[in-house]
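Worksheet: the structure to be examined is printed underneath.
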Amino acid sequence: MKNIILTGDRPTGRLHVGHYVGSLKQRVLLQNEGNYESMFILIADIQALTDNAGNPQKVRDNIIEVMLDYLAVGLDPKKVTFCLQSQISALSELTMYYMNLVTLPRVLRNPTVKSEIKMRGFDDNEEGIPVGFATYPISQAADITAFKANLIPVGDDQEPMIEQTREIVRSFNRTYNTNCLVECKSFLPTNNICMRLPGTDNAKMSKSLNNCIYLSDEDDVIKSKVNSIKSFPRLLNEPGVLDGNIAFIYLDAFSTNDHFKKYYPEFNNLNELKAAYQKGGIGDGTIKKFLCNVMIDTIRPIREKRKELSKDIKSILDILEDGTKKANEYANKTLFEVKNAMGINYDENFKKEQIEKYS
Ligand code: TRP
């Protein structure tokens, strides 16, 4: 069986380098391998609203921003179907049916949801946790299953969502004695560092914490963000420490041997630099200067392509519209099968059955 690949992002801001190494690069890789039947990328505006109910304009404005990021990193509308969650009504319907297969304690046990609730202060604010927010993994299960996706390229913070989706699939197929839903697995980056790239302050990289480097950042912004990375104070000749060293975490995620050739020819690769750094004699300013070059080299072509693409927004809207149309066909087909399995397609058979019963 060929893969059906699906993944998505909330349109709450531009995408950053954490998205890039954690998931976007993997998507481009999968796209170019071509070993799939279809590949969907979903702009999850419904999910974005689960903690932005009062701010729909923010979500509305970021749909194009996220599309620009997608296309700028090399995702190709000829190979990938881009679609908009709220315009695929089958996803909301599926969510309602799946809700009955998940308990409240199970929903609140999801570790990613738990930490997001903490980060947003929902647990110590009087208004409490929006139900839609606590249950967004169920809606995410609808996203995945509607397309019968089996391979989900995500960062490891999404692993609990994938796990919960598998549970819903099993429960649905068991309860309604069907095999219409397909189990999925995640596709994670092979480089551990890339799974959860920290922000420039070593906390989780997050728009709300203001610690992200964006794929659209200008060179001087990248420079000042890299320079804001904290380093452990030490004398130049003292050994450098790699443990918890954010600049080196970023070098691990982004630097290539080509970068060394171009910007730091004293070393052939990162391992050599690490060994020398640990001996002492290399200052953190030097490391940051190299990291600046690496980050600028990585981001500049993306940013420039993004600028070019933004001159023709109509084409981007058309791509999203066409993709959403195609996505509706897939999702409606699954919804039909789901309702059949549940016996809630109230068709001619239903009429006949009920008339007979009363005659
Ligand atoms: N939860 C994902 C995030 O926060 C976004 C998302 C929505 C998603 N639906 C999805 C990811 C389906 C993978 C599959 O980034």
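The values are calculated or read from the model by the stated rules, or taken from the named source; none is laboratory data. Predicted model only: the values in this text are computed from it and were never measured. All Cβ positions, glycine included, derive from the backbone under ideal geometry; neighbour counts span all protein chains shown. When the accessible area is computed, the model is the full protein with side chains, heavy atoms only, and any ligands, DNA or RNA have been set aside. Shrake-Rupley method; radii C 1.70, N 1.55, O 1.52, S 1.80 Å.
Summary of computed values
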item	result
Cut-off under 5 Å, modelled amide H: who pairs with PHE187 long-range	ILE152, VAL154
Cα extents of the chain along the three principal axes, largest first (Å)	95, 45, 40
Share of carbon and sulfur in the accessible heavy-atom surface of the chain [1.4 Å probe, %]	51 percent
Counted charge near ALA44, where neighbours are those whose Cβ lies closer than 11 Å (Asp, Glu -1; Lys, Arg +1)	-2
Per residue accessible area in Å² of the chain, where ligands, DNA and RNA are left out and the probe is 1.4 Å	50 Å²
For the chain, built as a Gaussian network whose Cα springs stay under 10 Å, the top-fluctuating residue of THR175, THR298, THR95	THR175
Theoretical FRET efficiency, 1/(1+(r/R0)^6), r = Cβ-Cβ of SER206 and TYR263, R0 30 Å, to 0.05	0.55
Centre separation in Å (Cα based) which lies between the stretch 230-273 and the stretch 84-116	42 Å
Cβ-defined net charge surrounding LEU94, 11 Å radius [Lys, Arg +1; Asp, Glu -1]	-2
23 Å Cα-Cα reach of LYS274 towards lysines, excluding residues that sit fewer than 8 places from it in its own chain	LYS223, LYS225, LYS230, LYS261, LYS262, LYS288, LYS289
Top of LYS207, LYS339, LYS279 by mean-square fluctuation, Gaussian network on the chain, Cα under 10 Å	LYS279
Percent of Cα pairs exceeding the 18 Å cut-off, where the set is the stretch 1-121	61 percent
Viscosity 1.306 mPa s, 10 °C: Kirkwood-radius Stokes-Einstein D of the stretch 217-308 over Cα pairs, µm²/s	116 µm²/s
Calculated P(r) of the stretch 128-273 - Cα pairs past 17 Å, %	73 percent
Label point 7 Å beyond Cα of TYR358 along Cβ direction - residues of the stretch 313-347 with amide nitrogen under 18 Å	346-347
Mean ellipticity per residue at 222 nm, deg cm²/dmol - from DSSP H runs of n ≥ 4 across the chain, formula -39500 (n - 2.57)	-16500 deg cm²/dmol
Among ALA134, ALA44, ALA142, residue whose mean-square fluctuation peaks in a GNM of the chain (springs only between Cα atoms under 10 Å)	ALA134
For the stretch 135-145, Karplus couplings with θ = phi - 60° (6.51, -1.76, 1.60), whole Hz, Gly/Pro x	9, 4, x, 6, 5, 5, 5, 5, 3, 6, 6
